[in-house]
Amino acid sequence: MIKAIRGTRDLLPPDTDLWNRVEAKVRDVFARYNFHEIRTPIFEDTQLFARGVGEETDIVTKEMFTWMDARRYSEKELIFEWIAIHSPSAFAQVEKKLFFDLVAEVDGRTNVVEFMSGVPNDSSWRGAVGRLRSAKAIWQQAEPNTEARLVVPSSKRSSTLRKPTEHLGIIYEEIELKDYEEPHSLTLRPENTAGVVRAYIEHGLDKRGTLQKLYYIGPQFRRERPQKGRYRQFYQIGAEIIGPPSAGSDSPILDAELLEMLAALLNEVGLRGWTLQLNSVGCSDDRARYNQALRSALEPVVATMCADCQRRAETNPLRVLDCKVPEDQPIIEKLPKIGEYLDEPCRVHFQVMRAMLDAVGVPYIINERMVRGLDYYTRTTFEFTHGDLGAQSAVLGGGRYDGLSESLDGPKAPGIGFAIGEDRLILALQAEGVTADADLDAYITPLGAGMNAHALKLARELRRAGVSADLGDETFRLKKSFEAAEKAGARFIVIVGENEVKSGEFAVKELASGTQENVARDRLAEFLRHSQ
Ligand code: AMP
């Protein structure tokens, strides 16, 4: 049996009802705060994440789904091209089981030729060379002058395009194809901020001169060790506020507004037990000084730490704070704190933002250890955690990224954003007992032979009038219909028998209370929709 890939999962009803309810509520909140949706591609150039998220982050070093995307060319196309170039005086197409494609006479010499439809990688290259060398040896017994030739597609622009060269007794030849595409390293997006900022730069959204308030909902991919609350395909609901400094994009009021919106959003979807943890990681100068302080503090102890920390202590000491190895924690506890290294503007930014949060009554705690696992953050960083989520307690994370646009060759465009882990938000809601209310208004029961068409007609009328309805079958006994209605979570059952159709009055029973009344056909939709 073929199963879903490890770390991915199917979302099924009734869970999907809760997912949809959450997404509808979230879209409603975003609209009230004047955010608009952006949809970026699910895969991007690998460089975007390497540069945007940071080379030394766990995401980039270990967790990305990356592949070389190369077009496969048809071998026929290559063979025709090759024949057109060489005009061999005689050739024969050879059966595939002989492991090469063609025997041809080129410039008076016999050639055994293999064509490769893609760019060779190490193993396909070794395989082809092996096969061709044995073919050459066999063919040489009859025709001592035989050459072996490997032909691969290439482009004019390709720096590797050369005259046929000989190596290990094989002629290696690149054939120029008009529609050649260079192989390209692509990556499934592990997060969405880099993609949004890329789109902001690519479409010149800075020229609009206003703050761009953008949100997204969609899957992200990280090759993490799967466990509850941690998946390889997971979903994020995120938002970014980004724009030129002239539009106020670096003002602390945006940080406060975004956090206030998040508090409102979580409250409105019905989540109660959340905690906002807040920190400031300063600007790049502060980070440089802090990294220096960390380096010095780590120097005498780093030899006892894990291999990752030893590497990070060299390349990017801030990332040592991401370490989860229990034995390293006592050392990490004693490291200097970033708060002591903030310059005056960063300190004031943080203070002003906190004062605004206090003014609107959003509760938070300061966590100076929280530096977040992505390199682009500056100044404000935050996480909302939830007590029922166990080890994976962060429901969402985010922060400011004032230098990200410039590091991707864009204009100066300070920004702030967050990403909610939707899988974890749903787990936390379910842990608090929140479910999506069943919203089936009516179960329609055709009673007796010949009633199906009448029931279908009534269902069509009701559904058009905005009633959600499900339908039974005339062969069901009344008891079975009631059971089906209850299982479906319907509020009412409507009986469609011969008498009802004739009189135009239908027996309607409320399942919860058991009360029954007759309702006229033209009042039925209103009755089912509005009665609670
Ligand atoms: P990050 O982009 O790492 O700041 O993550 C933001 C949020 O996405 C986290 O707080 C989690 O709720 C969620 N998240 C990150 N990685 C995963 C994962 N592998 N599985 C499920 N949720 C995740």
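Yes/no matrix, rows are residues, columns are (1) β-branched (Val, Ile, Thr); (2) closer than 30 Å to Arg9 by Cα; (3) more than 16 Å from the ligand (Cβ to nearest atom):
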site: Ala419; (1), (2), (3): no, yes, no
site: Ile426; (1), (2), (3): yes, yes, no
site: Ala436; (1), (2), (3): no, yes, yes
site: Gly448; (1), (2), (3): no, no, yes
site: Asp470; (1), (2), (3): no, yes, yes
site: Thr475; (1), (2), (3): yes, no, yes
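Selection of first residues in the stretch 198-220 that are of a type in the set (Gly, Ala, Ser) and of second residues that are assigned to a loop (DSSP other than H, G, I, E, B) and away from the ligand (no atom under 16 Å from the Cβ), restricted to Cβ pairs under 7 Å at least 6 apart or on distinct chains, gives the following pairs, ordered by first then second residue: Ala199/Ile38; Gly209/Pro244. Can you tell me which of Asn267, Asn291 is more than 15 Å from Arg400 (Cα to Cα), assigned to a helix (DSSP H, G or I) and under 30 Å from the mean Cα position of the chain (by Cα)? Criteria check complete, one pass: Asn267. Scanning the stretch 44-74 for residues that are of a type in the set (A, V, I, L, M, F, W, C) and assigned to a helix (DSSP H, G or I) yields a total of 6.
Contact map, the stretch 359-387: residues that are at positive phi paired with residues that are within 14 Å of the ligand (Cβ to nearest atom), Cβ distance under 7 Å, separation 6+ or inter-chain. Pairs shown: Arg372/Thr381; Arg372/Gly397; Arg372/Gly399; Arg379/Val281; Arg379/Arg400.
Out of Ile59, Ile85, Ile38, Ile79, I need the residue that is within 16 Å of the ligand (Cβ to nearest atom) and not aromatic (Phe, Trp, Tyr). Which one?
Working: Ile85 fails: within 16 Å of the ligand (Cβ to nearest atom); Ile38 fails: within 16 Å of the ligand (Cβ to nearest atom); Ile79 fails: within 16 Å of the ligand (Cβ to nearest atom).
Checking each option against the conditions leaves just Ile59.
The rows are residues; the columns are (1) modelled with pLDDT of 95 or more; (2) assigned to a helix (DSSP H, G or I); (3) within 16 Å of the ligand (Cβ to nearest atom).
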| site | (1), (2), (3) |
| --- | --- |
| Pro190 | yes, no, yes |
| Val197 | yes, yes, yes |
| Lys213 | yes, no, no |
| Tyr216 | yes, no, yes |
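Conditions (1) in a helix (DSSP H, G or I); (2) surrounded by fewer than 17 Cβ atoms within 10 Å (Cβ to Cβ); (3) touching a Phe, Trp or Tyr at 6+ places or on another chain (Cβ under 7 Å), marked per residue:
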| residue | (1), (2), (3) |
| --- | --- |
| Arg9 | no, yes, yes |
| Val26 | yes, no, no |
| Lys76 | yes, yes, no |
| Pro120 | no, yes, no |
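Taking the conditions exactly as written (polar (S, T, N, Q), over 26 Å from the mean Cα position of the chain (by Cα) and modelled with pLDDT of 90 or more), does Ser284 satisfy them or not? Considered against the rule, which asks whether it is polar (S, T, N, Q), over 26 Å from the mean Cα position of the chain (by Cα) and modelled with pLDDT of 90 or more, Ser284 comes out as no. Is it fair to say His184 is exposed (fewer than 15 other Cβ atoms within 10 Å of the Cβ), touching a residue at least 12 places away in the same chain (Cβ under 8 Å) and closer than 30 Å to Thr40 by Cβ? The answer is yes for His184. Of all residues in the stretch 228-253, those satisfying the criterion of being more than 9 Å from the ligand (Cβ to nearest atom) and outside any loop (DSSP other than H, G, I, E, B) are Ile237, Ala239, Glu240, Ile241, Ile242, Pro245, Ser246, Ala247, Pro252, Ile253.
What tally of residues in the stretch 290-313 results from selecting those that are over 18 Å from Arg372 (Cβ atoms), among the charged types (D, E, K, R) and surrounded by 12 or more Cβ atoms within 10 Å (Cβ to Cβ)?
So the count comes out to 2.
Residue selection: Pro153 fails the criterion of being modelled with pLDDT of 90 or more, within 34 Å of the chain's Cα centre (by Cα) and crowded, with 17+ Cβ neighbours inside 10 Å.
Applying the criterion of being in contact with a helix residue (DSSP H, G or I) (Cβ under 6 Å, 6 or more places away or on another chain) and among the β-branched types (Val, Ile, Thr) to the residues of the stretch 176-200, the residue that is farthest from Asp69 (Cα to Cα) is Val197. Scanning the stretch 377-392 for residues that are more than 9 Å from the ligand (Cβ to nearest atom), touching a helix residue (DSSP H, G or I) at 6+ places or on another chain (Cβ under 8 Å) and not in a helix (DSSP H, G or I) yields Thr378, Arg379, Thr380, Phe382, His386.
Considering only residues in the stretch 393-410 that are touching a residue at least 60 places away in the same chain (Cβ under 8 Å) and surrounded by fewer than 17 Cβ atoms within 10 Å (Cβ to Cβ), the one that is nearest to the ligand (Cβ to nearest atom) turns out to be Ser407.
Considering each residue of the stretch 458-468, count those that are free of Cβ contacts under 8 Å to residues at least 40 places away in the same chain and surrounded by 13 or more Cβ atoms within 10 Å (Cβ to Cβ), and give that number.
3
Within the stretch 441-460, the set of residues being part of a helix (DSSP H, G or I) and in contact with a helix residue (DSSP H, G or I) (Cβ under 7 Å, 6 or more places away or on another chain) comprises just one member, His454. You will find that of Phe506, Phe482, Phe492, Phe476, the residue that is assigned to a loop (DSSP other than H, G, I, E, B) and surrounded by 15 or more Cβ atoms within 10 Å (Cβ to Cβ) is Phe476 and no other. Residues being free of Cβ contacts under 8 Å to residues at least 24 places away in the same chain and under 33 Å from the mean Cα position of the chain (by Cα): count how many of those fall in the stretch 312-332. Within the stretch 312-332, residues that are free of Cβ contacts under 8 Å to residues at least 24 places away in the same chain and under 33 Å from the mean Cα position of the chain (by Cα) number 9.
The values are calculated or read from the model by the stated rules, or taken from the named source; none is laboratory data. What you are looking at is a predicted structure, and each value in this text was computed from that prediction instead of being measured. FYI the Cβ positions are ideal-geometry reconstructions off the backbone, even for glycines, and counts take in every protein chain you see.
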